[in-house]
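Working notes for the structure below.
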Amino acid sequence: MSRSVEHGLVLGVSALVTYLGTFVMIRLAPRLNAVVDPDARRVHERPTATGGGAAMYAGVLVALAVATRLDSFREVFAGSSEALAVVVAASVMFAVGALDDLRELSAPAKVAGQVLSGSLLAVLGVSLFYVRVPFGGLFVLSPDWATLVTVVLVVVVANAVNLIDGLDGLAAGTVGIAAGAFYIYSQQLQSAGLITDSNLGPLLAIITFGGCIGFLPHNFHPAKIFMGDSGALLLGLLMASATMTVGGRVVDQFSGQTYFFFAPIVIPFLILGVPLFDAVLAVIRRAARRVSLSSADKDHLHHRLMRMGHGHRRTVLLLWAWTALLSAVALVPTITGDGDAMVPFGLVGVAVLLFLLLRPGNRESPPAGQPAN
């Protein structure tokens, strides 16, 4: 089979296993008491199954197993422990999320589990080698710093994805767009000879993309099932791993694509701009109110948009569009080989549009007798 067919096969396997596995979880969740009831801080109106991350986890494992049998990915698995590292770390991250879905772990316990996952990932071979800091040049990380930065990156991205899992289809769609864009980006690097066929990043990106595609038919409004922390944390771990194996392994400048090598670690964060921007706002908001960072509220970006009258589906589609636009602005110069000088201005423009959309003056007043959130 050709390379593109084999990549498509892995994508299809990930999507199909996730899609079929979600049917199983919809039936199994009530028996496990994995059901989320409506309450004052949630937007869904009826009890809904959770734990859809189990289907995603199955999709990841099966897709990786299929990839081991394909010529296109032979070098990825030859003499490297990186794939094993991702499986082990993903298993720990999934277990932490699944326990939280069933028992609601404390915030310190969840973070400890995430740190364990990131530590195992680093110890078994997936970590950053280089960090290119804007205006600061290239930094070569020593083994101790590489481990620390790896763990921090895993925890930050996992929680960023988890923070936007508040509307039907939002997290799955946003991460799916991010993973698809990152796959295209990594293919451009392979074509330029800057990463080799042994790099694990493109495989992780396409598997993540497939898992999101397979889960979305069940999760788009009105959702039949939520991915839960088991799914959100797993997706964050996969995106962080793809980031490190691609952006954190390149030293050379990519001729004609200054932007992507101006900050090779920041680019995936920009592609994941919605959850990360939301994470920063959530931390600032909760610190100002002097409440726990783990406490929930209804002041995330998606909640604000709904209060502005966009509705559930339109809010999700609007945030998907913003993520896709952000990804496109970053990717066009990489594909065309021209225009990277305009990318920073384009990204600023996209950010300004989002700010204008969400500025306080646009927020509708709550109905009479209802307190503002």
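The values are calculated or read from the model by the stated rules, or taken from the named source; none is laboratory data. The shown structure was predicted, so the numbers you read here are calculated from the model rather than taken from an experiment. Here Cβ is always computed from backbone atoms with ideal geometry, including for glycine, and neighbour counts include all displayed protein chains.
What to note about this one:
- Members of segment 58-114 found to be closer than 19 Å to THR196 by Cα and not hydrophobic (A, V, I, L, M, F, W, C), listed by number: THR68, ARG69, ASP71, SER72, ARG74, GLU75, GLY79, SER80, SER81, GLU82
- Filter pass, ALA98 being farther than 18 Å from ALA240 by Cβ, buried (at least 16 other Cβ atoms within 10 Å of the Cβ) and either touching a residue at least 24 places away in the same chain (Cβ under 8 Å) or under 18 Å from the mean Cα position of the chain (by Cα) (or both): yes
- In the set (1) at pLDDT below 85; (2) surrounded by fewer than 15 Cβ atoms within 10 Å (Cβ to Cβ); (3) of a type in the set (D, E, K, R), ARG132 fails one condition alone, (2).
- Segment 313-324, residues that are modelled with pLDDT of 80 or more and over 15 Å from the mean Cα position of the chain (by Cα): ARG313, VAL316, LEU317, ALA321
- Some residue of segment 220-240 being at pLDDT below 85 and outside any helix (DSSP H, G or I): no
- Residue within segment 191-200 that is surrounded by fewer than 21 Cβ atoms within 10 Å (Cβ to Cβ), free of Cβ contacts under 8 Å to residues at least 24 places away in the same chain and at negative phi present: yes
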